[in-house]
1. Which of the peptides 174-180, 288-294, 199-205 is most tightly packed, and how do the rest follow, judged by the mean count of other Cβ atoms within 10 Å per residue?
2. What helices does the chain have that are whole DSSP H segments, at least 20 Å long along their own axis by Cα, and with mean Kyte-Doolittle hydropathy of -0.5 or more?
3. Tell me, what % of the accessible area of the chain is carbon and sulfur with a 1.4 angstrom probe?
4. Please report the antiparallel percentage of the DSSP beta bridges confined to the chain, to the nearest 5.
5. Equivalent-ellipsoid semi-axes (√(5λ), Cα gyration tensor) for the range 127-261, whole Å, largest first?
6. If the limit is 21 Å between Cα atoms, which of Lys181/Lys254; Lys147/Lys289; Lys12/Lys167; Lys152/Lys182 go over it?
7. Once the cut-off is 18 Å, how many percent of the Cα-Cα pairs in the range 202-312 end up in the long-distance tail?
8. Quick one: which of 28-38, 47-57 comes out on top by average Cβ neighbours within 10 Å, and what's the full order, highest first?
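The values are calculated or read from the model by the stated rules, or taken from the named source; none is laboratory data. Because the structure is a prediction, the values reported are computed rather than measured. So basically every Cβ, Gly included, is an ideal-geometry build from the backbone, and we count neighbours across all protein chains shown. All accessible areas refer to the heavy atoms of the entire protein, side chains included, with ligands and DNA or RNA removed. Shrake-Rupley method; radii C 1.70, N 1.55, O 1.52, S 1.80 Å.
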Amino acid sequence: METREPEVIRDKEAMRRWSRGMRSHGKTIGLVPTMGFLHDGHLSLVRQSLTLSDVTVVSIYVNPGQFSPTEDLSTYPSDFSGDIAKLAAVSSSGSDVIVVFNPRNLYDYDGGRNKKTNGGGGGKVVSCVEEGGLGHETWVRVERLEKGLCGKSRPVFFRGVATIVTKLFNIVEPDVAMFGKKDYQQWRLIKRMVRDLDFGIEIVGSDIAREKDGLAMSSRNVHLSAEERKRALSISRSLAMAKASAEQGQTSCKELKNMIISELVGAAGRIDYVEIVDQETLQGVEDIKSGVVVCVAAWFGTVRLIDNIEINVTV
């Protein structure tokens, strides 16, 4: 069957009108928020959304609000035409409706006079947390869940995530939204935000999509050299080892973390964190007594990678 490119909507008011038009015809709406440079992990979320809703909106927007001024978001990979082609292949069925929401700048309130853009349509990306960042000053924070794990080394990251997701929810007005569990803290944070702020949206967490060799799929993987990519496999390998050990009776988190650290250091990884936390609260635990998630962030070369694995054992 011939593929058909999805409709691309760039104006937020047009996006809202489209969604409300769909709802007026009894259609349910799914949302898959992305920053573009789509891989099979993103596409699996799109496919899952298509099974849970009548129509699916895929947002492609490099969110400047989650980058601090010291982080160079201009290096975030982008391939908008490639993204459109991949989504066209997914929506080859005549019954599948996918629309792409690719706004220019969701923090721009000057009526388009400022030419700063997001990464989807080309042009320089400017963080709105920089001085002179177009006057945006309202933020959504999930106070407790944002503090640990990635929040330690990226202190503005999760306020940017929560804020942009809130903006997308208010613009697209979805019934269901899809998030990958690779960003486990993000998924839990969004679920808590939706609960606390009474959004009428179902948040679905999808299992981590992996390459054949076990590496968690990420848009940043493209920046790994062949040698760095090989060494980065120590992340998924060590997580699998820790889970197997826990299932065999090892409940000491200190021992499990030391096992992972040894693997990563042996592969010349530079560790940001290795933590074992409660799946709901994301609070650290010393011994496994119920469901936990083992979370890792490590640098290989100039690329920071994250991964995790859930362990569902009880004692």
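1. Highest-to-lowest ranking by the protection proxy: 174-180, 288-294, 199-205.
2. Working: long enough: 157-172 (22 Å, 1.37); 226-247 (33 Å, -0.46).
Sorted by number, the helices that extend far enough and score high enough are 157-172, 226-247.
3. On the way: 6980 of 14570 Å².
The computed percentage sits at 48.
4. On the way: 20 of 41 bridges.
Here the antiparallel bridges make up roughly 50 percent for the chain.
5. On the way: eigenvalues 198, 74, 53 Å².
The answer is 31, 19, 16 Å, longest axis first.
6. On the way: Lys181/Lys254 24 Å; Lys147/Lys289 23 Å; Lys12/Lys167 10 Å; Lys152/Lys182 18 Å.
In this structure, Lys181/Lys254; Lys147/Lys289 exceed 21 Å between Cα atoms.
7. Values: 2895 of 6105 pairs.
That tail contains 47 percent of the Cα-Cα pairs.
8. Details: 28-38: 23.4, 47-57: 20.1.
Descending packing order for the listed peptides: 28-38, 47-57.
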